[in-house]
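Right, one structure below, let's go through it.
The values are calculated or read from the model by the stated rules, or taken from the named source; none is laboratory data. All values reported here derive from a predicted model rather than from experimental measurement. No Cβ is skipped: glycine too gets one built from the backbone with ideal geometry, and neighbour counts run over all protein chains shown. Just so you know, the surface numbers come from the protein's heavy atoms only, side chains and all, with ligands and any DNA or RNA stripped out. Shrake-Rupley method; radii C 1.70, N 1.55, O 1.52, S 1.80 Å.
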Amino acid sequence: MDASPQEFDRVLSSMCTLPHPEARTAAERFLADNPGDPATYPDVARLEERAVDALGTMTALEDPAGYVASGGTEANIQAVRAAREFAANENPNVVAPESAHFSFNKAADLLGVELRLVPVDDDYRADVEAVSAAVDGDTALVVGVAGTTEFGRVDPIPELGRIAEEADARFHVDAAWGGFHLPFTDHDWHFGHAPVDTLTIDPHKVGRAPIPAGGFLARDDATLDRLAVETPYLESTMQATLTGTRSGAGVAGAAAALNAQWPDEYRENHERAAGNAAFLADELVDRGYDVVDPELPLVAFSLPEPEFEAARDEGWRLSRTGSGEARIVCMPHVTREMLHGFLATLDAARVGAGA
Ligand code: 0PR
């Protein structure tokens, strides 16, 4: 078959990006190693420890428990699974804002827990009152999102943590996308800011690790112990991950990406992306579009269908939120030049339409 990997020069809405060169090299070296069997593949297991330690440093967790997961979906499922396992009651529920990623729907479905999605406020953040009202004695987990998929919003993490604590529920923060921007902002979002039990932070998004490299972190070993099953015939005898055989490329790539970029290159990436998002938002406002003020480097704005179609026809990879806004994620590959090009496409479409 004649197929080529996607060029990234017109990809605007994806949360994937080009891997860091060192991550690419490391991934290729460890293609055949299975971190799912650490006793047989000890070197990749050591790289995984390093990756988890680096993620712990980023999230203020001194002695982190966790692993490099297949992605944010697995990490979120594991957070729900752990909460269900620790719950004392028969019919546990999970309370999350409706802005939570659809992986929580999968988790609820798989694990047979009730998912209570509660409204967000006027600025797309979890509404603390609504979360509080939805929590009851059967709540096993409260979820906060630090960098929402559609609008890049950071929920009020300390307040949500307090609600969880008062309800004797666990607290999970989904920073799958936001986690590589937030260390360079003033937001409260990590283990040091709130009574967070588990956290998702994905190297294969803004971290520039190759796919698959999600991050699942837990405050204590007890969480992983609770998730572990016995693996009698492997050299290693317990396994806490959801998948069995795992990608050595993902693990080694994540370790290399973190080692090469934390903290300086990640800070530079954040500053560049934030600058690009602010630039794009201003340019769109000048042209009369309704723009959702970017909190993290993600710009959502109203875009009439003809201009949306014109952009797609020009090869721009652009998607809409559930409520219809076009959505540009300022990932590491999204340059100022790309944004100028995209704006030129919109301008040409507007002239063409006589605007
Ligand atoms: N949590 C948040 C906040 C997310 O944004 C995502 C993915 C996940 C969890 C799940 O992560 P995995 O996809 O690694 O399991 N958000 C993106 C989305 O759904 C994923 C994505 C990435 C979609 C690249 C398209 C794409 O081209 O939009």
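Worth a mention:
- Helix screen, the chain: DSSP H segments with Cα axial length of 27 Å or more and mean Kyte-Doolittle hydropathy at least -1.0 are 264-286.
- Peptide packing for 85-94, 26-35 was compared via the average number of neighbouring C-beta atoms within 10 Å per residue; ordered from the highest value, the list is 26-35, 85-94.
- Site pair Asp43 and Glu114 shows an inter-label distance of 5.2 nm when each label is modelled 7 Å from Cα along Cα→Cβ.
- Within the chain, percent of DSSP bridges classed antiparallel, to nearest 5: 55 percent
- Ligands, DNA and RNA are left out, and with a 1.4 angstrom probe the accessible area of the chain is 44 Å² per residue.
- Ranked by how many other beta carbons lie within 10 Å on average, peptides 65-78, 240-253 from highest: 65-78, 240-253
- Protein accessible area in the stretch 21-261, 1.4 Å probe - carbon and sulfur %: 45 percent
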